[in-house]
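Q: Quick one: structure below, then a few questions.
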Amino acid sequence: MNQSDRRPGYDRWRAAYAEAERAGRVRDADFSTLSGAEVDPVYGPADEAADVRLERIGWPGEYPYTRGLYPTGYRGRQWTIRQFAGFGNARQTNERYKMILARGGGGLSVAFDMPTLMGRDSDEPESLGEVGHCGVAIDSAADLEVLFDGIDLGAVTTSMTISGPAVPIFCMYVVAAERQGVDPAILDGTLQTDIFKEYIAQKEWLFGPEPHLRLIGDLMEYTCAGMPAYKPLSVSGYHIREAGSTAVQELAYTLADGFGYVELGLSRGLDVDLFAPGLSFFFDAHIDFFEEIAKFRAARRIWARWLRDRYGAKTAKAQWLRFHTQTAGVSLTAQQPYNNVVRTAVEALAAVLGGTNSLHTNALDETLALPTERSAEIALRTQQVLAEETGVSNVVDPLGGSWYVEELTDRMEAEAEQIFARILELGGGETMTAGLLRGIEDGWFTGEIAESAFRYQAAVEKGDKLVVGVNSQLESVTGPVEILRVGHEVEEQQRAALAERRAARDQGEVDATLAELKRQAAGDANLIEPMLAAARAEATLGEICGTLREVWGSYQEPARF
């Protein structure tokens with residue numbers, strides 16, 4: 001038996017890697033160790049038939065993608081360094097974005113303040129005291145113009161973390177690009193839009209589930225037809241994990257949400273091979289190093305199998321699970337905050353070894369306030385040290401074949417499948433969407449997460465789980481850290497700017513576009529174009545969302561005890 005007979009999968013991978021080299025898709029970089037030893041791009045068994053696990057593990061770039069989506073791994077393209085930022089007004093955040101890009105950031109990620117997240121204008125009573133505090137205040141397309149002033153939206157990928165009013169914000173983003181002279185058809189970025197996780201974990205919704213799903217379906221149709229690079233949905237497990245779920249719950253609930261959006265696209269008559277590549281994912285990288293790596297590997301494998309076998313996806317891109325990762329905010333501690341630099345580095349390394357496509361690293365002071373410029377730079381440099389000094393990019397999936405990692409990956413996949421079965425059962429066994437909606441209505445998801453959070457907190461308080469600086473190693477020479485404070489003048493300035501904008505616009509045009517939006521919302525037409533018209537007329541976020549509330553009402557979660 002010759003070597004090729006023993007390693008047919010490796011030979012396929014080697015051919016794919018060689019093709020990538022010929023096409024210029026392998027970076028011109030030093031892929032040796034610090035001591036100068038050359039390393040291969042990938043490692044695997046010498047006799048594939050002798051390793052019964054190989055069907056589940058595979059080779060990089062091949063179904064089921066356990067080892068990654070591309071045969072080249074990070075030798076082909078490093079993960080995108082995408083720092084999450086937003087505070088105060090659009091001008092202040094624009095300055096932070098320019099700092100991030102100038103210091104090596106590869107993409108932007110927008111954090112919005114609470115009024116924006118809830119579809120409210122800065123001058124509404126509900127916004128009092130919250131403007132610009134947990135993110136940037138956005139009231140209309142003019143704010144997005146300022147936010148991206150001097151930043152070419154046709155050349156930079158932009159992620160926007162917002163779900164309830166995601167579609168109006170998307171329309172304002174498109175208008176800001178138009179005002180830059182950028183063709184919206186070439187825009188590349190990601191909109192979170194994931195409303196299922198809001199009902200499950202984060203609680204930032206505007207309407208009931210059905211109207212939100214209608215808007216998401218409209219957005220999927222619109223981008224699928226005219227914005228091929230744009231990703232209209234980032235299915236978020238991050239907020240589920242931050243609410244207190246286990247790693248397996250995060251994995252299962254997130255992928256179940258993703259299956260629900262696949263069913264939404266199919267219900268609209270869209271081709272799964274065309275719209276599924278527009279779905280991306282957003283995971284938490286927590287502090288248990290190997291568990292997180294296994295979670296990411298299992299996620300790719302589960303998604304590929306379900307998309308192929310249940311939803312009929314035929315192309316590789318439609319079966320790929322592409323994901324962004326953020327290190328775990330909930331793991332950061334106010335006590336001894338400099339320890340958070342270490343936690344973030346470990347969590348970022350887990351994300352990289354798990355094959356993340358882009359990454360945000362939290363700043364050491366984020367448990368206390370929004371990051372200062374100094375702490376944001378440390379967070380950015382954490383990724384750059386990993387990328388440029390550690391050698392983690394040299395080999396694709398270097399932990400593939402590890403007995404421990406593969407066992408954890410298999411275990412997480414099996415436990416996730418049990419949760420999928422339970423969700424399907426909640427909905428009568430027909431669709432994942434029915435189970436999701438029933439689980440939301442009955443409070444099943446929130447109850448499961450609350451129980452998990454309680455168990456962990458009890459373990460910390462009993463000392464079974466140790467957290468350095470909290471219930472272990474309490475002595476320290478460090479004192480308080482400097483934090484970023486957003487003054488009340490930001491709110492005053494934002495309200496004044498909004499008043500000026502209202503006075504300067506054509507009110508008749510605003511009224512006409514909002515009336516047309518209301519008329520269309522009462523029917524079943526796609527709402528993107530009428531919403532774009534309102535954004536172009538400088539209708540505000542609160543006015544657009546208020547118009548939709550007039551048609552659809554608001555949603556209040558049932559009280560549970």
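Q: Quick check on this structure: which one of A525, A559, A539, A533 is part of a helix (DSSP H, G or I) and either open to solvent by less than 20 Å² (accessible area, probe 1.4 Å) or among the hydrophobic types (A, V, I, L, M, F, W, C) (or both)? Before you say what the answer is, go through the steps one by one.
A: Working: A525 fails: part of a helix (DSSP H, G or I); A559 fails: part of a helix (DSSP H, G or I); A539 fails: part of a helix (DSSP H, G or I).
None of the other options fit; the residue is A533.
Q: Looking only at residues that are among the charged types (D, E, K, R), open to solvent by 50 Å² or more (accessible area, probe 1.4 Å) and not in a helix (DSSP H, G or I) in the stretch 458-508, which one is nearest to L128 (Cα to Cα)? First the steps, then the outcome.
A: Here is the first cut: in the stretch 458-508, the residues among the charged types (D, E, K, R) are 461-462, 464-465, 475, 482, 485, 489, 491-492, 495, 500-502, 505-506.
Okay, now just the ones that are also open to solvent by 50 Å² or more (accessible area, probe 1.4 Å), so 461-462, 464-465, 475, 482, 485, 489, 492, 495, 500, 502, 506.
Within this subset, residues satisfying the condition of being not in a helix (DSSP H, G or I) are 464-465, 475, 482, 485, 506.
Details: D464: 42, K465: 40, E475: 40, E482: 26, R485: 17, D506: 27 Å.
Step by step, filter the stretch 458-508, then rank; the result is R485.
Q: Got a sec? Which helices (runs of 4 or more DSSP H) wholly within the stretch 51-168 have at least 3 residues that are touching a residue at least 12 places away in the same chain (Cβ under 8 Å) and within 20 Å of the chain's Cα centre (by Cα)?
A: Numbers: elements: 54-57, 90-102, 114-117, 141-147.
Passing ranges, in order: 90-102, 114-117.
Q: Also: Restricting attention to the stretch 193-205, report how many residues are assigned to a loop (DSSP other than H, G, I, E, B) and out of contact with any helix residue (DSSP H, G or I) (no Cβ under 6 Å at 6 or more places or on another chain). First the steps, then the outcome.
A: Step one: list which residues in the stretch 193-205 are assigned to a loop (DSSP other than H, G, I, E, B), which gives 193-195, 203-205.
Of the ones still in play, those that are also out of contact with any helix residue (DSSP H, G or I) (no Cβ under 6 Å at 6 or more places or on another chain) are 194, 203.
Here the count works out to 2.
Q: Which residues, counting only those in the stretch 77-110, are touching a Phe, Trp or Tyr at 6+ places or on another chain (Cβ under 9 Å) and open to solvent by 20 Å² or more (accessible area, probe 1.4 Å)?
A: Selection gives R77, R96, G106.
Q: Out of V385, V395, which single residue is out of contact with any strand residue (DSSP E or B) (no Cβ under 8 Å at 6 or more places or on another chain) and either outside any helix (DSSP H, G or I) or open to solvent by less than 40 Å² (accessible area, probe 1.4 Å) (or both)? Give the derivation first.
A: Values: V385 fails: either outside any helix (DSSP H, G or I) or open to solvent by less than 40 Å² (accessible area, probe 1.4 Å) (or both).
It is V395.
Q: Go through the stretch 1-44 residue by residue and tally those that are of a type in the set (G, A, S), in a helix (DSSP H, G or I) and modelled with pLDDT of 95 or more. Reasoning before the result, please.
A: Filtering the stretch 1-44 down to residues of a type in the set (G, A, S) leaves 4, 9, 15-16, 18, 20, 23-24, 29, 32, 35-37, 44.
From the residues that got through so far, the ones that are in a helix (DSSP H, G or I) too are 4, 9, 15-16, 18, 20.
Those left that are additionally modelled with pLDDT of 95 or more: 9, 15-16, 18, 20.
Total satisfying the criteria: 5.
Q: Just one of (1) touching a Cys at 6+ places or on another chain (Cβ under 8 Å); (2) of a type outside the set (S, T, Y); (3) surrounded by fewer than 21 Cβ atoms within 10 Å (Cβ to Cβ) trips up A316, so point out which.
A: (1)
Q: Hey, another quick one. Give me the pairs, please: first residue somewhere in the stretch 495-520 and under 19 Å from P125 (Cα atoms) and touching a residue at least 24 places away in the same chain (Cβ under 8 Å), second residue anywhere and in a helix (DSSP H, G or I) and open to solvent by 40 Å² or more (accessible area, probe 1.4 Å), beta-carbon distance under 9 Å, and either six or more positions apart or on two chains.
A: none
Q: Among residues belonging to the stretch 241-255 that are polar (S, T, N, Q) and part of a loop (DSSP other than H, G, I, E, B), point out the one that is surrounded by the fewest Cβ atoms within 10 Å (Cβ to Cβ).
A: This residue is T246.
Q: Does L436 fit the bill of being surrounded by 24 or more Cβ atoms within 10 Å (Cβ to Cβ), under 24 Å from T254 (Cα atoms), hydrophobic (A, V, I, L, M, F, W, C) and within 23 Å of the chain's Cα centre (by Cα)?
A: yes
Q: While we're on this one: Report, ordered by the first and then the second residue, all pairs with beta carbons closer than 6 Å, sequence separation of six or more or different chains, a first member in the stretch 353-370 that is closer than 16 Å to G237 by Cα, and a second member that is part of a loop (DSSP other than H, G, I, E, B) and open to solvent by 20 Å² or more (accessible area, probe 1.4 Å).
A: If the second residue must be part of a loop (DSSP other than H, G, I, E, B) and open to solvent by 20 Å² or more (accessible area, probe 1.4 Å), the pairs left are N357/R322.
Q: A further question on this structure: Listed residues R438, R381; which is over 23 Å from R241 (Cα atoms) and charged (D, E, K, R)? Lay out the reasoning, then the answer.
A: Numbers: R438 fails: over 23 Å from R241 (Cα atoms).
Exactly one residue qualifies, and that residue is R381.
Q: Just to confirm my filter: which helices (runs of 4 or more DSSP H) fall fully inside the stretch 256-339 and include at least 2 residues that are of a type outside the set (S, T, Y), within 15 Å of the chain's Cα centre (by Cα) and within 30 Å of G217 (Cβ to Cβ)? Even if it seems obvious, please write down each step before you answer.
A: Details: elements: 272-275, 289-309, 316-319.
Output list reads 289-309.
Q: Taking the stretch 340-382 as the region of interest, how many residues are at pLDDT 95 or above, open to solvent by 20 Å² or more (accessible area, probe 1.4 Å), small (G, A, S) and part of a loop (DSSP other than H, G, I, E, B)?
A: The number of residues fulfilling the criteria is 1.
Q: Would you say A201 is within 18 Å of I423 (Cα to Cα), open to solvent by less than 10 Å² (accessible area, probe 1.4 Å) and out of contact with any strand residue (DSSP E or B) (no Cβ under 6 Å at 6 or more places or on another chain)? Explain how you work it out, then say what you get.
A: Numbers: within 18 Å of I423 (Cα to Cα): yes; open to solvent by less than 10 Å² (accessible area, probe 1.4 Å): no; out of contact with any strand residue (DSSP E or B) (no Cβ under 6 Å at 6 or more places or on another chain): yes.
The answer is no for A201.
Q: So which of D149, D218 is among the acidic types (D, E) and either at pLDDT below 95 or within 30 Å of E441 (Cα to Cα) (or both)? Let's see the steps before the verdict.
A: Values: D149 fails: either at pLDDT below 95 or within 30 Å of E441 (Cα to Cα) (or both).
The conditions single out D218.
The values are calculated or read from the model by the stated rules, or taken from the named source; none is laboratory data. Because the structure is a prediction, the values reported are computed rather than measured. As a convention, Cβ positions derive from the backbone with ideal geometry for all residues, glycine included, and neighbour counts pool all protein chains shown. The area values use the complete protein model at the heavy-atom level, side chains included, leaving out ligands, DNA and RNA. Shrake-Rupley method; radii C 1.70, N 1.55, O 1.52, S 1.80 Å.
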